1. Arrange the following residues from fewest to most other Cβ atoms within 10 Å of their Cβ: 50, 75.
2. Please compute the length gained on full extension between residue 35 and residue 51, using 0.36 nm multiplied by the number of residues separating them and subtracting their Cα-Cα distance.
3. Taking the number of other C-beta atoms within 10 Å as the exposure measure, put 60, 17 in order starting with the fewest.
4. Net charge around residue 50, counting only other residues with Cβ within less than 12 Å of its Cβ (Lys, Arg = +1; Asp, Glu = -1)?
Amino acid sequence: MIHYPERGGHERTAELVGLLLAAGTAEVETRPVRYPVERQSIRYFHAADRDVSGLIGDMVGGGGRATVSDFTHFRPSPRNGTVEIWLP
């Protein structure tokens, strides 16, 4: 899931969708948000998704690894395999 600012971010979002699909991601959803984050981050919700979140962080980091955050405490947690990318 890629969250991007509704007032921009379309080009970067399309770029990331293509990158993730080319890497073998089965499904990529996008969602515009009204209030953008200050910096790019990756969130995972299940311990089994920790390693792939790090790989995604390396892929989309834009020259530097994106911040990867552990959201395993979040409830209700989304389905297994859900990793969120938040774009500024």
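Quick note: the coordinates plus some simple rules give every number you see, no bench work behind them. All of these numbers come straight from a predicted model, not from anything done at the bench. Here Cβ is always computed from backbone atoms with ideal geometry, including for glycine, and neighbour counts include all displayed protein chains.
1. Working: 50 13, 75 7.
Lowest to highest Cβ neighbour count: 75, 50.
2. Details: separation 16, 0.36 × 16 = 5.76 nm, distance 2.80 nm.
Extending this stretch completely gives an extra 3.0 nm.
3. Working: 60 19, 17 15.
In order of increasing Cβ crowding within 10 Å: 17, 60.
4. Working: positive: 43; negative: 49, 51, 70.
It works out to a net charge of -2.
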